[in-house]
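What follows is one structure encoded as structure tokens, with my remarks underneath.
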Amino acid sequence: MRNSLLISLMLILAVTASDLGKLQDSFMTRYDAVNQERDAALEKLTASYLGALERHMQKVKAGGDLEQVLPVRDEINAVKQDAAALPELPHSVGRQLRSMRTKFSAARATIVQIHAKSLVDLADKMNAALAKEESELTKDGKIDEALSAKRMRETLSMDAGIAAARSSQKAEKAAMGRVEWINLVDGRITPMGRATYLGRIGGEGYEKLHEKMRARFEEIDDGEGQLFVALAPVAFELNFPQPVSKLEAKGFAANRGGRAKFEVEARGVTVVSKEVDADEDPTVRLDCEFEPTKRLLIRVDRIGKTGIWTALLDGRVR
């Protein structure tokens with residue numbers, strides 16, 4: 001990319017004034033520096049992630065569970081092959097590996113976006129300088145040199161790397177759809193007031209719940225560790241390591257006669273509000289999309305006086 005852009009500019013500069021040559025030299029120096037900064041940051045991040053994966057591999061190997069070892073090995077191989085196009089992790093992978101991938105993907109996306117912004121800013125400044133030079137040369141009657149400045153601007157607008165950076169900026173929200181899913185149980189929980197119990201099965205205080213309630217939740221979760229217990233009435237905030245714009249989850253009422261209302265708020269706006277009646281259908285879909293945010297506020301209220309065992313099933317965001 002750098003070579004093709006440089007060659008194009010040099011061909012144009014064969015008939016230009018020295019001022020345009022100085023602009024080109026300054027631009028190409030910074031252009032190379034921006035790309036080198038990105039490459040160095042990505043290389044360092046990838047090496048760090050591979051190191052963490054290797055350490056995690058030693059830990060899971062020591063446990064002797066092949067089903068825990070294989071996903072880690074696959075992740076190591078995938079990163080070595082192409083860290084920019086990692087396949088989605090299987091739903092069954094361990095919490096630690098999923099958390100490691102999420103942090104890596106977020107850090108990598110940040111580096112790419114910073115590079116895109118730097119490259120676009122650089123190109124815009126160069127374009128503005130060339131436009132000014134083109135105008136001044138035209139006023140001075142130096143038409144051929146003014147045409148050279150114009151052609152340099154056109155070359156910049158057609159450069160594949162700069163065009164890709166612009167597309168990356170414009171598609172930042174859409175690109176979030178390619179970011180790894182984050183399970184709700186992996187979000188940082190902040191109760192908004194009193195909460196009987198919040199979080200995954202088996203967390204601190206879980207053993208204090210009624211035996212029948214625990215048995216019902218564990219039956220539904222079936223050992224996957226993804227059921228998010230949220231006993232109504234309750235309100236809580238979930239904080240994620242990166243902005244998210246999509247939620248997939250089901251509100252669940254586990255006991256007969258139970259009725260509840262589930263609400264999800266993003267950036268101060270209620271994006272979904274639905275009720276569930278356990279006697280009709282114990283689950284209700286809460287899928288929604290919203291403006292990117294790192295925080296979601298979730299409220300679960302019981303309807304009527306009947307005690308209710310409520311939870312979120314298969315909850316994930318990205």
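Miscellaneous remarks
- In this structure, Val276 does satisfy being crowded, with 19+ Cβ neighbours inside 10 Å and without any contact (Cβ under 8 Å) to a residue 40 or more places away in the chain.
- Total residues in the range 215-234, condition in contact with a helix residue (DSSP H, G or I) (Cβ under 7 Å, 6 or more places away or on another chain) and assigned to a helix (DSSP H, G or I): 0
- Of the helices (runs of 4 or more DSSP H) lying entirely inside the range 60-161, those carrying at least 2 residues that are within 18 Å of Gln242 (Cα to Cα) and touching a helix residue (DSSP H, G or I) at 6+ places or on another chain (Cβ under 7 Å) are 95-139.
- The set of residues in the range 70-113 that are among the β-branched types (Val, Ile, Thr) and in contact (Cβ under 8 Å) with a residue 12 or more places away in the chain comprises Val72, Ile76, Val79, Val93, Thr102, Ile111, Val112.
- If you check Thr102, Thr138 for being surrounded by 14 or more Cβ atoms within 10 Å (Cβ to Cβ), over 20 Å from Asp32 (Cα atoms), at pLDDT below 85 and assigned by TED's automatic domain parsing to the domain that holds Thr46, only one passes: Thr102.
- Listed conditions (1) under 24 Å from Glu219 (Cα atoms); (2) buried (at least 19 other Cβ atoms within 10 Å of the Cβ); (3) touching a Leu at 6+ places or on another chain (Cβ under 9 Å) are all met by Ala266, apart from (1).
- Flag: Glu237 does not match the condition of being part of a strand (DSSP E or B) and either of a type in the set (Ser, Thr, Tyr) or over 30 Å from Glu88 (Cβ atoms) (or both).
The values are calculated or read from the model by the stated rules, or taken from the named source; none is laboratory data. The model shown is predicted, which means the values in this text are computed figures rather than measured ones. For neighbour counting, all protein chains shown are included, and Cβ atoms are generated from backbone atoms with ideal geometry for every residue, glycine included.
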